[in-house]
Amino acid sequence: MSAEVTAGTGTYLTLDDGRPAVRFSRVYDHPADRLWRFMTDPDALAAWFPSRAEMDLRPGGTIAFSGDPHMPESTGRVLDVDPPRHLSFEWGGDELRFGLEALDDGRTRFTLTDVLAERNTAARNGAGWEVCLAALDRAVGGGPAEGPRAGGMKAWREIYEDYVGAGVPSGAPVPATD
């Protein structure tokens, strides 16, 4: 990996293969199986992910995405799955990698890496994941499943400006504003 830029709770980095990515890591006081449900169950995933995702959970399986007001319905493909430790799939041109690592006392480290199709989407996507992961934090903790849009565009805009100010690549169109 090359130089990294930290903004918010995310890190912009270049992977060993040269592709740009944003990465987030959280530790939850819950076992991996509970978090796995939030990654794979369509209803639990909809509580925090931008789209509803109906998945055929096998390598090569199809994922149907719907319900995101900023993206048309689309499909992706499962790239890798190893329950309850790893899931990766294609989404909107990016590759999303979710990792779960069991820690002591029933805790789990959750890592999301968004491997970006375009470098200039890093600040936009990073800010979006901040909002989504705040919704995941609430949902995993038993809070209301308000979804990622509950924080509103104002919260996203402030986070986005922080990412841009930190030097994270930007410039990609922003849905609902461009």
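The values are calculated or read from the model by the stated rules, or taken from the named source; none is laboratory data. These numbers were taken from a predicted model, which means no experiment stands behind them. Neighbour counts are summed over all protein chains in view; Cβ atoms, including those assigned to glycine, are modelled from backbone coordinates with ideal geometry. The protein model used for the area step is the full one, side chains on, heavy atoms only, and it has no ligands, DNA or RNA in it. Shrake-Rupley method; radii C 1.70, N 1.55, O 1.52, S 1.80 Å.
Structural remarks
- No other residue among ARG124, ARG149 is at pLDDT below 90, outside any loop (DSSP other than H, G, I, E, B) and under 19 Å from ASP68 (Cα atoms) apart from ARG149.
- When the residues of region 1-32 are filtered to those that are among the charged types (D, E, K, R) and part of a strand (DSSP E or B), the one that is surrounded by the most Cβ atoms within 10 Å (Cβ to Cβ) is ARG23.
- Only one of the listed residues (PRO173, PRO72, PRO83) is modelled with pLDDT under 90, out of contact with any His (no Cβ under 7 Å at 6 or more places or on another chain) and within 17 Å of ALA53 (Cβ to Cβ). That residue is PRO72.
- Lone unmet requirement of (1) closer than 18 Å to PHE24 by Cβ; (2) open to solvent by less than 40 Å² (accessible area, probe 1.4 Å); (3) not hydrophobic (A, V, I, L, M, F, W, C) for ARG85: (2)
- Restricting the first member to region 74-89 and to residues that are without any contact (Cβ under 8 Å) to a residue 12 or more places away in the chain, and the second to residues that are assigned to a strand (DSSP E or B) and open to solvent by less than 60 Å² (accessible area, probe 1.4 Å), the beta-carbon pairs closer than 8 Å and six or more apart or on different chains are SER88/VAL78; SER88/LEU79; SER88/VAL81; SER88/GLU95; SER88/LEU96; SER88/PHE98.
- Flag for TRP91 being open to solvent by 10 Å² or more (accessible area, probe 1.4 Å), of a type in the set (Phe, Trp, Tyr) and under 16 Å from the mean Cα position of the chain (by Cα): yes
- Scanning region 44-75 for residues that are part of a strand (DSSP E or B) and farther than 17 Å from GLU95 by Cβ, we see that the one that is nearest to the chain's Cα centre (by Cα) is ARG52.
- When residues of region 116-139 are limited to those that are in contact with a Leu (Cβ under 7 Å, 6 or more places away or on another chain) and more than 12 Å from SER25 (Cα to Cα), the one most open to solvent (accessible area, probe 1.4 Å): ASN125
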